[in-house]
Amino acid sequence: MSGQSFRLASGGLVDRNRSLTFSFDGKPYQGHAGDTLASALLANGVRLVGRSFKYHRPRGILSAGPEEPNALVELRSGARREPNTRATITELFDGLDAASQNRWPSLAFDLLSLNGLVSPALVAGFYYKTFMWPAAFWEKLYEPLIRRAAGLGRAAGAEDPDHYEKAFAFCDVLVIGGGAAGLSAALAAGRSGARVILCDEDFRLGGRLLAEKREIDGRPAAEWLAATLAELESLPEVRIMPRTTVFGLYDHGIYGAVERVGDHLPEPAAHQPRQRGWRIYARHAILAAGALERPITFPGNDVPGVMLAGAARAYVNRYGVLPGRETVLFTAGDDGWATARDIAAAGGKVAAIVDARADADPARKALADKLGARLFAGGVVEGTRGGRQLGGVTIRDASGATTALACDLLAVSNGWNPTLHLTSHQNGKPAWDEGLQCFVPGALPAGLSVAGSAVGRFTLAQALEDGARLGREAVAGAGLTPAAAEPVPATDPETIALKPVWRVMGAKGKAFVDYQNDVTDKDVELAAREGFRPVEHLKRYTTLGMATDQGKTSNLAGLAIMAEQTGRTIPQTGTTTFRPPYTPVAIGALAGHHRGKDFKPVRLAPTHEWSKGQGAVFVEAGQWLRAQYYPKPGESDWLVTVNREVKAVRASVGICDVSTLGKIDIQGADAAEFLERVYINGWKALPVGKARYGLMLREDGFVMDDGTTSRLGEHHFLMTTTTANAGKVMQHLEFCHQVLWPELDVRMVSVSEQWAQVAVAGPQARETLRGVVDPAHDISHEAFPYLTARAVTVGGGIPARLFRISFSGELAYELAVPADYGDAMMRALMRAGEPFGITPYGTEALGVMRIEKGHVAGNELNGQTTARDLGLGKMMSTKKDFVGRLMAGRQALVERGRPSFVGFKPVDPAQRLRAGAHFIGIGKAAVMENDEGYMTSVAHSPHLNHWIGLGLIRNGASRIGERVRAYDPVRNGDIVVEICSPVFVDPEGNHLHG
């Protein structure tokens, strides 16, 4: 096992008493608790960690945070394998198994690095220009080759064994970022008694305080940090959430966040999720997410060993790791000098400091002398040496002379970009600050403030001041009284002077703007020459900023080069659109438990166990599992079973569980008026104790759903819907009430699961019910005619509801009891109907009987039909308004020639009809121009002993008796059918009223 040869003898915040074993590409290493995978690899001298996307160039660790473009690895193995994980934010744990990706056969020897030899042909947009002919080769040859050469990590390929959660939180003040500004804001708000949530993506709070050697009130910043965290933890209304990234800002003060609950463990703890997706509702939020350091574009800037200067400080001060034994600093501002100072203090050698600013500041010269470093004022790094590891740099001084120096670390500093992404998630545009040379937040979303580096106030003193002030202001904005202001802590002096270098000119070699997607400065120049100058075109043509880091280290440099090429300023060039999520979010965290069967949990009818005991075959219907048919021994297939069930119902009596139909209880003084507005037909005159068929439209005039609604009291109605549309109808009713007509006195609630409901159909239905309904209730035809709906009791006093409605066209009732009695009701009905040969039937037989009677159902209510299309136009009241009335009268929806609802039967009764077949005139070609409609539903009618169908055909109602082709090229069907009435059985309705 390799030793930690680059681990400092002391210092850092890792727990040196806890050693952790991990592996990278199969080789074992050791780190400490508190390490990231990146810091542990650096401690063990591992510099090469990946290969680039297109050219497969060697890549090392560039940063120490979420902006990392290079160090993307696969974590774990098997079903838990996770690709494209940033090593810089991966918390080390014992047994961690990591592997490099995008290389073959190995990381050190990657044959696909030969792509670099043909790099002149692989410029921006090469695939748009190259793989155009022959077209057939794209899918079979070109795309597989490109994906193989340019892919990133591998998905697990197996079901994720972990689970994920969704959670909700509410607060007065949400603080995003746990650095100096965020902690100061949370403290000010928490001291005021506000409900505060403090989120930070790191596993340790402190932000840049963890990476710097700073003083607050004359003490090490670590002491202030410890005291502040202790006080926050003592405040009862403050919730601290480490390992939590706030990734998106949405309307009405809603923030999306993901908490990595178990990512730092080999497996999540028992009964704990891997990740938890949060929806946080905040009265006010303070963005204190800090800033991201910028690299410099120069030839060879991607060699392993080239690192952001702030990241180098983080590895030294936080992790106790020396990223290189001999360092060259390339900086455009004062901030980089802190890296040289801290590396030297840790025992590293600083060979040279290359400061691109030409002025020879005496203080900087004195510090360079103190560090024993050569100072190149006004110089630049114009190249690097080394392949898999940095070996040296070439420096061009102010006079143009070049010097070659050996080094294994090149620390680069080009200033910082505020982490302002959340401020732009509601289409806000960042504003360019010429003095700071960066974009800062522009107009802010309502309820959001920005503090510290995230708003371009980069000093520690400014961060502490902003946090305290905005924390109190947020409390006041939430309607609370802020606590008295505390003095802002004093800090040691610092300077942030900067003159950025967007790219080094006049040198040869590839200079990378976007490390992950291998976009060079020459690619940006090419995009400008070829007219892809708008930033959104630049992004898509070159893929600049389209990788997993979303251009966090590359976008501004790309904009600067495009501005240079077009003679515009950076703000004139513009920025791309910021969209959530801020960093990649696992789909599992967004889905929570909604996966597999939990995505749409299967709901079981109250009689499910009874049906299972009867050998039922089940089918998913909407969210329900319903009995499809009940086979008996000796029955050869489903059709034999269904024919038996249909015949039994029409000859005697059958029962079917219809509990899954949506049931919505509607009450209130304006309940009848509400139904008038959502249904196309009238409801105010419906007597108490009666049911009526109703049809509702969408606002565009097309049919949404149908069903019966019963009036149980003067201001009390029970609406039924189709099984599949129950949720959609409930949503529609709530919208109508809350948005369209909030003045109506009406209340509604879904009661679908509160009632078990069974259809009892057939000539002996009434006699069967008499064995269950208590004798006090007269259910004779005279006392209980068709469309009666009334409360009854069953089984000696159990409350129930009885509806005389029929979907089968037979004498039929629906009996509803509280759901807990559903199983007992089914068994009681079977006993009562035993003398009549009662038969349970499923959804298949139900469908056959509704087709025989010409009733429309889901196949016809497909969102593309109107009431007139379905032959229900006369139901549309002309005496009232209702949802969809005006739009249903559009010319295209009322013109002659629209397909209308009719029946179909084969001219040759031996031939089978199939749903989906299209109708074409006899003798006409099977082309779109001759298409007249299509078959919506088919069934084998045991009553007629042949197949029958329902469908929509142009001018159908006026073409009864005409013959057309039912053309089905998918299943090689082409038969002649006759247009007929959709009612095939008992057209007079004698059975219904028996």
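Test of understanding: among T481, T495, which residue is among the β-branched types (V, I, T), assigned to a loop (DSSP other than H, G, I, E, B) and more than 24 Å from F330 (Cβ to Cβ)?
So the residue among T481, T495 that is among the β-branched types (V, I, T), assigned to a loop (DSSP other than H, G, I, E, B) and more than 24 Å from F330 (Cβ to Cβ) is T481.
Restricting attention to the stretch 875-886, does a residue exist that is hydroxyl-bearing (S, T, Y) and without any contact (Cβ under 8 Å) to a residue 12 or more places away in the chain?
Residues of the stretch 875-886 hydroxyl-bearing (S, T, Y): 877-878.
Then keep just the ones that are without any contact (Cβ under 8 Å) to a residue 12 or more places away in the chain; that gives 878.
Checking the stretch 875-886: at least one residue is hydroxyl-bearing (S, T, Y) and without any contact (Cβ under 8 Å) to a residue 12 or more places away in the chain.
Checking the structure you have, find out if any residue of the stretch 536-556 is touching a Leu at 6+ places or on another chain (Cβ under 7 Å) and aromatic (F, W, Y).
No; the residues of the stretch 536-556 include none that is touching a Leu at 6+ places or on another chain (Cβ under 7 Å) and aromatic (F, W, Y).
Report yes if some residue within the stretch 928-940 is open to solvent by less than 70 Å² (accessible area, probe 1.4 Å) and part of a loop (DSSP other than H, G, I, E, B); otherwise report no.
Checked the stretch 928-940: no residue is open to solvent by less than 70 Å² (accessible area, probe 1.4 Å) and part of a loop (DSSP other than H, G, I, E, B).
Select, from Q565, Q623, Q628, Q572, the only residue that is touching a residue at least 12 places away in the same chain (Cβ under 8 Å), open to solvent by 50 Å² or more (accessible area, probe 1.4 Å), more than 30 Å from I89 (Cβ to Cβ) and over 25 Å from the mean Cα position of the chain (by Cα). Outline the logic, then answer.
Values: Q623 fails: over 25 Å from the mean Cα position of the chain (by Cα); Q628 fails: open to solvent by 50 Å² or more (accessible area, probe 1.4 Å); Q572 fails: touching a residue at least 12 places away in the same chain (Cβ under 8 Å).
The conditions single out Q565.
Those residues that are open to solvent by 10 Å² or more (accessible area, probe 1.4 Å) and in a helix (DSSP H, G or I), I need them from the stretch 51-94; list them, please.
Scanning the stretch 51-94 gives G78, A79, R80, I89.
When you go through (1) basic (K, R); (2) open to solvent by 20 Å² or more (accessible area, probe 1.4 Å); (3) under 30 Å from G884 (Cβ atoms) one by one for K612, which number turns out not to apply?
Going through the list (1) basic (K, R); (2) open to solvent by 20 Å² or more (accessible area, probe 1.4 Å); (3) under 30 Å from G884 (Cβ atoms), K612 breaks only (3).
Among the residues of the stretch 531-555, which ones are of a type in the set (A, V, I, L, M) and buried (at least 24 other Cβ atoms within 10 Å of the Cβ)?
L538, L544
I'm trying to understand the selection: among the residues of the stretch 193-224, which are closer than 21 Å to P482 by Cβ and either modelled with pLDDT under 95 or open to solvent by 30 Å² or more (accessible area, probe 1.4 Å) (or both)?
Of everything in the stretch 193-224, those that are closer than 21 Å to P482 by Cβ and either modelled with pLDDT under 95 or open to solvent by 30 Å² or more (accessible area, probe 1.4 Å) (or both) turn out to be G193, R195.
Mind listing just one residue for me: the one in the stretch 756-782 that is open to solvent by 30 Å² or more (accessible area, probe 1.4 Å) and either within 16 Å of H993 (Cβ to Cβ) or in the same structural domain as A671 (by the TED database) (or both) and, of those, farthest from the chain's Cα centre (by Cα)?
Only one residue fits best here, namely E782.
Hey, V640 hits all of (1) part of a loop (DSSP other than H, G, I, E, B); (2) under 46 Å from the mean Cα position of the chain (by Cα) but one; which does it fall short on?
Condition (1) is where V640 drops out.
Whether any residue in the stretch 294-304 is under 19 Å from D202 (Cα atoms) and out of contact with any helix residue (DSSP H, G or I) (no Cβ under 8 Å at 6 or more places or on another chain) is what I want to check.
Within the stretch 294-304, none of the residues are under 19 Å from D202 (Cα atoms) and out of contact with any helix residue (DSSP H, G or I) (no Cβ under 8 Å at 6 or more places or on another chain).
Mind checking whether some residue in the stretch 103-116 is modelled with pLDDT of 90 or more, in contact with a Ser or Thr (Cβ under 8 Å, 6 or more places away or on another chain) and either loosely packed, with under 15 Cβ neighbours inside 10 Å or not in a helix (DSSP H, G or I) (or both)?
Checked against the condition, which is being modelled with pLDDT of 90 or more, in contact with a Ser or Thr (Cβ under 8 Å, 6 or more places away or on another chain) and either loosely packed, with under 15 Cβ neighbours inside 10 Å or not in a helix (DSSP H, G or I) (or both), the stretch 103-116 yields at least one hit.
For S449, only one of the following conditions fails: (1) outside the structural domain of Y281 (by the TED database); (2) in contact (Cβ under 8 Å) with a residue 40 or more places away in the chain; (3) polar (S, T, N, Q). What is its number?
Result: S449 passes all but (1).
Every residue in the stretch 679-691 that is of a type outside the set (A, V, I, L, M, F, W, C), within 15 Å of T708 (Cβ to Cβ) and in a loop (DSSP other than H, G, I, E, B), please.
N681, G682, P687, G689
Out of the stretch 692-751, which residues are open to solvent by less than 70 Å² (accessible area, probe 1.4 Å) and part of a helix (DSSP H, G or I)?
Within the stretch 692-751, A726, G727, V729, M730, H732, L733, E734, C736, H737, L740 qualify.
Suppose the filter is at pLDDT 95 or above, aliphatic (A, V, I, L, M), outside any strand (DSSP E or B) and open to solvent by less than 20 Å² (accessible area, probe 1.4 Å); does L20 pass it? Don't jump to the end; show me each part of the working.
Values: at pLDDT 95 or above: yes; aliphatic (A, V, I, L, M): yes; outside any strand (DSSP E or B): no; open to solvent by less than 20 Å² (accessible area, probe 1.4 Å): yes.
For L20, the condition - at pLDDT 95 or above, aliphatic (A, V, I, L, M), outside any strand (DSSP E or B) and open to solvent by less than 20 Å² (accessible area, probe 1.4 Å) - is not met.
Okay, residues lined up against (1) open to solvent by 10 Å² or more (accessible area, probe 1.4 Å); (2) modelled with pLDDT under 95; (3) more than 19 Å from L405 (Cβ to Cβ); (4) more than 36 Å from the chain's Cα centre (by Cα):
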position	(1), (2), (3), (4)
P304	no, no, no, no
A309	no, no, no, no
Y315	no, no, yes, no
Y319	no, no, yes, no
P323	no, no, no, yes
V328	no, no, no, yes
G333	no, no, yes, yes
G336	no, no, no, yes
T339	no, no, no, yes
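Pairs, please: C-beta under 9 Å, at least 6 apart or cross-chain, first residue closer than 20 Å to G989 by Cβ and in the stretch 763-783, second surrounded by 12 or more Cβ atoms within 10 Å (Cβ to Cβ) and among the acidic types (D, E)?
That search, which allows pairs on different chains as well, returns P763/E810; A765/E810.
Quick one: would you say G387 is modelled with pLDDT under 95 and under 44 Å from the mean Cα position of the chain (by Cα)? Full working, then the answer.
Details: modelled with pLDDT under 95: yes; under 44 Å from the mean Cα position of the chain (by Cα): yes.
It is true that G387 is modelled with pLDDT under 95 and under 44 Å from the mean Cα position of the chain (by Cα).
With respect to F807, is the statement that it is at pLDDT below 95, surrounded by 17 or more Cβ atoms within 10 Å (Cβ to Cβ) and of a type in the set (F, W, Y) true?
Against the criterion (at pLDDT below 95, surrounded by 17 or more Cβ atoms within 10 Å (Cβ to Cβ) and of a type in the set (F, W, Y)), F807 qualifies.
Applying the selection to the stretch 810-827, what residues are more than 30 Å from L913 (Cα to Cα) and buried (at least 20 other Cβ atoms within 10 Å of the Cβ)? Even if it seems obvious, please write down each step before you answer.
Residues of the stretch 810-827 more than 30 Å from L913 (Cα to Cα): 813-827.
Of everything in the stretch 810-827, those that are more than 30 Å from L913 (Cα to Cα) and buried (at least 20 other Cβ atoms within 10 Å of the Cβ) turn out to be Y813, E814, L815, A816, V817, G822, M825, M826.
Yes or no: A446 open to solvent by 50 Å² or more (accessible area, probe 1.4 Å) and more than 30 Å from G324 (Cα to Cα)? Break it down stepwise before answering.
Working: open to solvent by 50 Å² or more (accessible area, probe 1.4 Å): yes; more than 30 Å from G324 (Cα to Cα): yes.
Yes: the conditions hold for A446.
So L48 ticks every box in (1) farther than 22 Å from R325 by Cβ; (2) open to solvent by 20 Å² or more (accessible area, probe 1.4 Å); (3) touching a residue at least 60 places away in the same chain (Cβ under 8 Å) but one. Which box is left unticked?
Failed condition: (1).
Please determine, by comparing only the residues of the stretch 887-911 that are touching a residue at least 24 places away in the same chain (Cβ under 8 Å) and in a helix (DSSP H, G or I), which one is surrounded by the fewest Cβ atoms within 10 Å (Cβ to Cβ).
Looking at the filtered set, the residue picked out is V894.
Being surrounded by fewer than 16 Cβ atoms within 10 Å (Cβ to Cβ) and among the β-branched types (V, I, T) is the filter here; which residues of the stretch 225-275 pass it?
The one that is surrounded by fewer than 16 Cβ atoms within 10 Å (Cβ to Cβ) and among the β-branched types (V, I, T): I254.
Return a yes/no flag: does the stretch 835-844 have any residue that is open to solvent by 50 Å² or more (accessible area, probe 1.4 Å), among the charged types (D, E, K, R) and assigned by the TED database to the domain that holds A800.
There is at least one residue in the stretch 835-844 that is open to solvent by 50 Å² or more (accessible area, probe 1.4 Å), among the charged types (D, E, K, R) and assigned by the TED database to the domain that holds A800.
Residue-by-condition table, conditions (1) over 26 Å from F984 (Cα atoms); (2) not assigned by the TED database to the domain that holds A819:
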{"residue": "Q623", "(1), (2)": "yes, no"}
{"residue": "P633", "(1), (2)": "yes, no"}
{"residue": "D637", "(1), (2)": "no, no"}
{"residue": "D670", "(1), (2)": "yes, yes"}
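The values are calculated or read from the model by the stated rules, or taken from the named source; none is laboratory data. Only a predicted model underlies this, so the values are computations on that prediction, with no experimental measurement involved. Note that each Cβ is placed from the backbone with ideal geometry, even for glycine, and that neighbours are counted across all protein chains shown. We work out accessible area using only protein heavy atoms, side chains counted, and drop any ligands, DNA or RNA first. Shrake-Rupley method; radii C 1.70, N 1.55, O 1.52, S 1.80 Å.
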